[in-house]
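Notes to accompany the following structure.
The values are calculated or read from the model by the stated rules, or taken from the named source; none is laboratory data. None of these values were measured; they are calculated from a predicted model. Cβ placement follows ideal geometry from the backbone for every residue including glycine, while neighbour counts extend to all protein chains displayed.
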Amino acid sequence: MQYAQLTPGQHVTVTPRGSRSVYHGKFIERLAKGVCVFIVDEFVGLTGADDIGDLYLADSEVRRRVKPVETH
């Protein structure tokens, strides 16, 4: 998926590098440095109570690892 196709609040699936697992999240924003910010449901609270589950991916990683969630 191209980063330009993402809209804030859009639900996506993310497959991290080196993993076959698929995680569910939401696109938050694209930073000026070519990095996209996601909140991943399964990552919330992993490092402590204040962990919001944020994930930062470079545009090149977004193309390979992020897919939109189909809504019907």
Consider the range 11-28. How many of its residues are surrounded by 11 or more Cβ atoms within 10 Å (Cβ to Cβ) and over 10 Å from the mean Cα position of the chain (by Cα)? 1
Looking only at the range 35-42, decide whether some residue is over 14 Å from LEU6 (Cα atoms) and at pLDDT 95 or above. yes
Out of all the residues in the range 41-52, is one or more small (Gly, Ala, Ser) and either assigned to a helix (DSSP H, G or I) or touching a helix residue (DSSP H, G or I) at 6+ places or on another chain (Cβ under 6 Å) (or both)? no
For the range 8-26, what are the residues that are modelled with pLDDT of 95 or more and of a type outside the set (A, V, I, L, M, F, W, C)? PRO8, GLY9, GLN10, HIS11, THR13, TYR23, HIS24, GLY25, LYS26
What's the total number of residues in the range 45-72 that are without any contact (Cβ under 8 Å) to a residue 60 or more places away in the chain and either surrounded by 14 or more Cβ atoms within 10 Å (Cβ to Cβ) or closer than 18 Å to MET1 by Cα (or both)? 12
For the range 1-40, which positions are out of contact with any Pro (no Cβ under 7 Å at 6 or more places or on another chain), aliphatic (A, V, I, L, M) and outside any loop (DSSP other than H, G, I, E, B)? ALA4, VAL14, LEU31, VAL35, VAL37, ILE39, VAL40
